[in-house]
Structure formats: structure tokens, C-alpha cells
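The values are calculated or read from the model by the stated rules, or taken from the named source; none is laboratory data. All figures in this text were calculated on a predicted structure; none of them were measured in a lab. Backbone-built Cβ (ideal geometry, glycine too); neighbour counts: all protein chains shown.
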Amino acid sequence: MAYDKDLRVKAVEAVEDGASQKSVAEMLNIGLASLERWIKRKRETGSVDAISPPGARRKIDKAGEVKLRAHLKENPESKTSELCKYMVSQGYEQVSKSTMNRLLKAMNISRKKNVSPS
């Protein structure tokens, strides 16, 4: 859970003004570990700004999602492996079929094929 920057600043300033970490954490209803992290970050960087979330950057960005959506409108029956190849042809990094399926799910695109009655 990301706390508001104003709350982080207020909490760190309260500790710097002499209040105990435990009392500040209880008063503001925040975790003591969070407060300790903010104090450490302020000491090391001079700011209590939130840091970016962990993890690697996305291989297919929002612009790639727009291209993928347009491609799927023209080619609705494309296989996942074909979509992976299409994105490489558009200058994006190679992704696995599993990654493509997760991306399609995140984009709320169903991959159900039209099945003709037998």
C-alpha cells in the first residue's frame, strides 16, 4: 500500500522534531517498519518520495498494445505464436506465448476461437 507523500513527510518531520517512532506510527496509524524505511530514505536521499515498484520493464508498452489491438481487429483468428512474431516484426523484443497470453488477458482480450457446430 502506497502512503500519501504528505503523510510520509509529516511522519518523518514528527520524528525529527523529537517524537518517538513508535508514538508517531501509532498516532498516524502506519506501520513502524514503514516509518523506519522513510526515515532511512530521507537520510540517504534527502527525500521521502516513494520508489518505483520492483521488476523489469515491460517488453510491450502501451503503444505496442495499441498496435496489437489493431492487428487483432484485422486478424481475429491469429494464434498466440503468430502474435509474438508480429510484435517482433513491429520492433518489439521477443516474448513467449505465456507472456503474450498474460498481456492479452490484461488487455481483456479473449482468445476463444469461433467453433463451428459439428
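Tabulated data for the structure shown
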{"read-out": "Exclusive hit being more than 30 Å from residue 100 (Cβ to Cβ), in a loop (DSSP other than H, G, I, E, B) and either polar (S, T, N, Q) or within 20 Å of the chain's Cα centre (by Cα) (or both), set 34, 47", "value": "47"}
{"read-out": "Criterion: at pLDDT below 90, surrounded by 10 or more Cβ atoms within 10 Å (Cβ to Cβ), out of contact with any strand residue (DSSP E or B) (no Cβ under 7 Å at 6 or more places or on another chain) and closer than 30 Å to residue 5 by Cα - qualifying residue of 58, 37", "value": "58"}
{"read-out": "Residue pairs meeting the criteria (Cβ under 7 Å; at least 6 apart or on separate chains; first among the charged types (D, E, K, R), in segment 63-80; second exposed (fewer than 10 other Cβ atoms within 10 Å of the Cβ))", "value": "77/113"}
{"read-out": "Segment 73-93: number of residues that are of a type in the set (Asp, Glu) and either modelled with pLDDT of 95 or more or part of a helix (DSSP H, G or I) (or both)", "value": "2"}
{"read-out": "Qualifying positions in segment 1-31 - touching a residue at least 24 places away in the same chain (Cβ under 8 Å), within 27 Å of the chain's Cα centre (by Cα) and surrounded by 15 or more Cβ atoms within 10 Å (Cβ to Cβ)", "value": "3, 8, 9, 11, 12, 30"}
{"read-out": "Residue tally, condition farther than 16 Å from residue 13 by Cβ and among the charged types (D, E, K, R), over segment 24-61", "value": "6"}
{"read-out": "Subset of segment 51-67 [of a type outside the set (Ser, Thr, Tyr) and assigned to a loop (DSSP other than H, G, I, E, B)]", "value": "51, 53, 54, 55, 56, 57, 58, 59, 60, 61"}
{"read-out": "Failed item in (1) assigned to a helix (DSSP H, G or I); (2) under 30 Å from residue 3 (Cβ atoms); (3) not charged (D, E, K, R), with residue 70 passing the rest", "value": "(2)"}
{"read-out": "Single unsatisfied condition, residue 109 versus (1) within 30 Å of residue 4 (Cβ to Cβ); (2) in a loop (DSSP other than H, G, I, E, B)", "value": "(1)"}
